[in-house]
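*Asks:* There's a structure below that I have some questions on.
The values are calculated or read from the model by the stated rules, or taken from the named source; none is laboratory data. Keep in mind that what you see is a predicted model, and the values were worked out from it rather than measured. Using ideal geometry, Cβ is built from the backbone for each residue, glycine included, and neighbour counts are taken over all protein chains shown. With ligands, DNA and RNA removed, areas are computed over all heavy atoms of the protein, side chains included. Shrake-Rupley method; radii C 1.70, N 1.55, O 1.52, S 1.80 Å.
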Amino acid sequence: MLKLLILFFLQVGITNAFAEDNVLDVSKFNQDAVSLTQYFAVLEDPTTTLTFTDLQLPENSTRFKTHLPPDETLNYGFSSAAYWLRLPLKNSSDKPVERMLEISDAILSNVDFYTPNFDGTYSSIQTGLRLPFSTRPYKNRYFVFPIVLPANSTQLFYLRIRSITSTRIPTKLWTTQDFRIHERNDYQIQALYFGMATTMLLFNLLLFLLLRDAIYLRYINSCFFIALTVSAQNGLFKEFLFPDSTFWIDKTMPMLGAGLVITFLFFMRSMLNTKIVTPIIDRVIKMFIAFYLLIIFALITVPLQMPVIPIATIYLLTPPLFFIICLTCVLKKQRNAYIFSFAFFVFVVGTATHMLKNFTALPTNIFTTNSVQIGSAIEMILMAIALADRYKTIRLEKENMQQLLVETLKSSEQILESKVLERTNELETARQQLELLVEKKRQHSIEKSHFLAMLTHELKSPIATIEFAAQNIERTQDAQINELSLKHIQAAAHDMSIITERCLQADKLEQAALSPTNITTFSFDMLLYDRRFQGLWLKPENATRLQFDISEQISITSDVLLCQIIMSNLLENALKYSPAKSVVLISANYNAQQSVLLISVFNEVGKAGKPDAEKIFEKYYRSRNAQRFRGTGLGLWLVQGIAMQLGGRIEYIDHNDKVEFQLCLPQ
């Protein structure tokens, strides 16, 4: 009677203290297994110093986080903290209920399970990857704890879990019978996988002994480490190979993973012949092999917590390296790369499927649970097929070489003829190159003659104007006529100065002497109203034609002299080839996103028509209809060359009835 009262008050205390916990009634679920994630209350212990006694204190019991999402696993990533899990289970039936609590992650370092006794105390089971396999209450590759709940009772169970590597806690509660069936099927799948892997190893070992080809030995090493890594991941390594191992077993998984990558890289180098096909990538492979050797050395000499993040980073960089190698060899149409790439792709898909299952993005079934084994098994088979194909290819190449030798002997008489023909072709090529050089010199001479003729024509007009104005001054004493004649002389002299300056600027640009020398910051107004432009809008017909769309705050950081040369050419070009009374628009705006200044000059299309967009920036180019206008064909060529010297660009944009020259200058 006293024991019943104690039990009654214990249940009342549990109900009051943890009323917010999500309680699972184990006597009512009919499924094969139930995920326990949503029923846990979790307390993180970053210092790993909390004891079970500390949890009973009121200030600690309220720190538990409850009502977790109904995922299949608790995932805390790379964390050195310990995690306390509180699990309330209820049995509302009139009979005791037996259940199996499974934690399906074999690489958890420490797993402590606390079960309540009848008198209110707790018994603990301490196990984990770091402890001998014999500490597990139920012999399984995962951590399995049998639970018995008395009739009409609610009990609290506690778990303390800590992992040196990634902390994942996938937990399920099974009925005893369903778990036995699940366990039997699971071990059958594992036996099938490792039986297949053993067969592949023995078969290829026999091939190595027969053929004495080192690539088969590299394949054996790769498959061996794949099997060992999978066994370490799923707990069979601990269960069957090293059941009594303790402190170093935590490092098994990363060390085997490093060994797997090293052996796989050696096999890849031989299989894809990267030393010949991709020498640069081959050096990268050697560098990664050295990194993984350092990882193994670091794992042996330092605690695992210290290098875990750098190791994980290098592991994350490795799959992209494999993909780059495979893709490069595929693009080079290497036969072995096709099968090898598909094999690696299947393995990556299997691994990704397993990870997505862990994050509940995919459902849990026999395929997603064993996707790593399925992917690695298919990979080993495909790599064996690739080896067989390689052997077949080598045999065919040997036969082809023999046939080629016979054909070479038969064609020895044709070699001399081919050399003579080759020499003849070389002479013909040299002759064509010489003719091309002569043609270039002739074309240059024609361009030079054309330029001199054009220059002579352009200078005749201002010279004639000067002579005529001078004669007027001599013949008359009229002050008004003399003043007009002087203006004509000044205008003609200005035109000759512009022509001469264009020629000098073109020569400097070709000699690379026209380059930025004085980078300063100046206002846009200074650029527009410099003395170089006085001849453009001081004329009455030009004064009203220029319009501006420019912010007052705009300033330019560049070589002011070179910018003035660019603007003078653009404005002279726009005023010359647009209708007499049309508007020439100048706009400027600053693009802060690209840190550039955009200056645009718009003008309507005049009698000269539109230029050829592909030739407009060529030296000496003038359209057919532009011959009636004065010009040297150097202006826009100079604009493009100077813009490039300033690190910018000039673009010609056709707007149907208007044309735009857009200057882009970096700021």
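*Asks:* Label segment 106-194 by shape, choosing from rounded, prolate and oblate, from the square roots a ≥ b ≥ c of the eigenvalues of the Cα gyration tensor; if a/c is under 1.5 it is rounded, and otherwise prolate applies when a/b is larger than b/c, oblate when it is not.
*Replies:* Values: a/c = 2.28, a/b = 1.32, b/c = 1.73.
Oblate, since a/c reaches 1.5 and b/c is not below a/b.
*Asks:* Angle check, please: helix 2-17 long axis (alpha carbons) against the longest principal axis of the chain (alpha carbons), in degrees 0 to 90, nearest 10.
*Replies:* On a 0 to 90 degree scale, this one is about 10.
*Asks:* How far is helix 371-410 tilted, in degrees, relative to the longest principal axis of the Cα atoms in the chain, given as a value from 0 to 90 rounded to the nearest 10?
*Replies:* That works out to roughly 50 degrees.
*Asks:* Specify the inter-centroid distance of segment 233-271 and segment 395-427, based on alpha-carbon positions, in whole Å.
*Replies:* A separation of 52 Å, based on Cα centres.
*Asks:* For every other residue with a beta carbon closer than 15 angstrom to the beta carbon of Ile374, add +1 if it is Lys or Arg and -1 if Asp or Glu, then tell me the sum. Present the calculation step by step, with values, prior to reporting the outcome.
*Replies:* Working: positive: Lys357; negative: Asp186, Glu379.
Local charge sum for Ile374: -1.
*Asks:* Let me ask something else. Round to the nearest 0.05 the FRET efficiency obtained for Asp213 and Asp71 when R0 = 51 Å and r is the Cβ-Cβ distance. All intermediate terms of the calculation are to be shown ahead of the outcome.
*Replies:* Numbers: r = 49 Å, r/R0 = 0.96.
Once rounded, the FRET efficiency stands at 0.55.
*Asks:* Just flag the trypsin sites (Lys or Arg not before Pro) in segment 575-655 sitting in loop per DSSP whose Cβ has no more than 13 other Cβ atoms within 10 Å.
*Replies:* Numbers: sites: Lys576, Lys581, Lys607, Lys615, Lys619, Arg622, Arg624, Arg628, Arg630, Arg649; in loops: Lys581, Lys607, Lys615, Lys619, Arg622, Arg630.
Taking segment 575-655 and a limit of 13 other Cβ atoms within 10 Å, the loop trypsin sites (Lys or Arg not before Pro) found are Lys581, Lys607, Lys615.
*Asks:* Over the chain, what relative contact order in percent results from Cα pairs under 8 Å that are six or more residues apart?
*Replies:* Numbers: 913 pairs, mean separation 54.2, N = 667.
Relative contact order of the chain: 8 percent.
*Asks:* Another one. I need the shape label for the chain. Rule: rounded when a/c is under 1.5, else prolate if a/b > b/c, else oblate, with a, b, c from the alpha carbon gyration tensor. Don't skip to the answer; put the middle values down first.
*Replies:* Numbers: a/c = 4.49, a/b = 2.02, b/c = 2.22.
Because a/c hits 1.5 or more and a/b fails to exceed b/c, the chain counts as oblate.
*Asks:* Say a site is exposed when it is one of the GluC sites (Glu not before Pro), sits in a DSSP loop, and has at most 15 other Cβ atoms within 10 Å; what is then the longest site-free stretch of the chain?
*Replies:* On the way: sites that count: Glu20, Glu552, Glu614, Glu618.
Counting at most 15 other Cβ atoms within 10 Å as exposed, the longest clean stretch of the chain is 21-551.
*Asks:* Now a separate question. Leaving ligands, DNA and RNA out of it, work out the accessible area of Tyr83 with a 1.4 Å probe and give it in Å² to the nearest 10.
*Replies:* Accessible surface of Tyr83 is approximately 10 Å².
*Asks:* Follow-up question, since we're still on this one. According to a simple spin-label model (label point 7 Å from Cα along Cα-to-Cβ), what is the distance in nm between Glu59 and Thr408?
*Replies:* Here the answer is 8.8 nm between the modelled labels.
*Asks:* Calculate how steeply helix 412-475 sits against the longest principal axis of the alpha-carbon atoms of the chain, using the helix alpha-carbon long axis, and give the answer as 0 to 90 degrees to the nearest 10.
*Replies:* That works out to roughly 50 degrees.
*Asks:* Below 8 Å between Cα atoms, with a sequence gap of 6+, how large is the relative contact order for segment 207-282 in percent? Write down the numbers at each step before the final one.
*Replies:* Working: 42 pairs, mean separation 27.7, N = 76.
Dividing the mean separation by the residue count of segment 207-282 yields 36 percent.
*Asks:* For segment 312-358, what is the accessible area per residue in Å² when the probe is 1.4 Å? It would help to have the intermediate numbers written out before the result.
*Replies:* Numbers: 2520 Å² over 47 residues.
Computed with neighbouring chains in place, this is 54 Å² per residue.
*Asks:* Would you tally the net charge around Lys392, using a Cβ to Cβ cut-off of less than 12 Å, leaving Lys392 out, and scoring K and R as +1, D and E as -1? Don't jump to the answer; show the numbers that get you there.
*Replies:* Details: positive: Arg335, Arg390, Arg395, Lys398; negative: Asp389, Glu397, Glu399.
Net charge in that neighbourhood comes out at +1.
*Asks:* Right, here's the next one. If I ignore ligands, DNA and RNA and count only protein heavy atoms, how much of Arg545 is accessible to a 1.4 Å probe, in Å² to the nearest 10?
*Replies:* Using a 1.4 Å probe on the heavy atoms, I get roughly 10 Å².
*Asks:* How high is the relative contact order of segment 332-381, in percent, with contacts defined as C-alpha pairs under 8 Å that are six or more residues apart?
*Replies:* With pairs under 8 Å counted, the relative contact order is 43 percent.
*Asks:* Rank Met496, Met567 by accessible area, highest first, at a 1.4 Å probe radius? Mind dumping the intermediate values first?
*Replies:* Values: Met496 50, Met567 0 Å².
So, going from the largest accessible area down, we get Met496, Met567.
*Asks:* For Lys441, what accessible surface area do you get with a 1.4 Å probe? Give it in Å², rounded to 10.
*Replies:* 130 Å²
*Asks:* Sort Thr328, Thr167 by accessible area with a 1.4 Å probe, largest first.
*Replies:* Details: Thr328 35, Thr167 0 Å².
From most exposed to least exposed: Thr328, Thr167.
*Asks:* Ordering His182, His67, His354 by how much accessible area each has at a 1.4 Å probe, largest first, what is the list? Intermediate results must be reported in sequence, preceding the final value.
*Replies:* On the way: His182 65, His67 125, His354 40 Å².
So, going from the largest accessible area down, we get His67, His182, His354.
*Asks:* Right, another one. Could you compute the net charge surrounding Tyr158? Neighbours are other residues with a C-beta less than 9 Å from the C-beta of Tyr158; K and R count +1, D and E count -1.
*Replies:* Values: positive: Arg86, Arg160; negative: Asp112.
Here the charged neighbours net out to +1.
*Asks:* Whenever you get a sec, compute what percent of the accessible area on the chain sits on carbon and sulfur atoms (1.4 Å probe).
*Replies:* Values: 22030 of 36390 Å².
Solvent-exposed carbon and sulfur of the chain make up 61 percent of the total.
*Asks:* Assuming a ≥ b ≥ c are the square roots of the Cα gyration tensor eigenvalues, decide whether segment 168-313 counts as rounded (a/c under 1.5), prolate (otherwise, with a/b larger than b/c) or oblate. Don't skip to the answer; put the middle values down first.
*Replies:* Values: a/c = 2.45, a/b = 1.36, b/c = 1.80.
Cα axes put segment 168-313 in the oblate bin.
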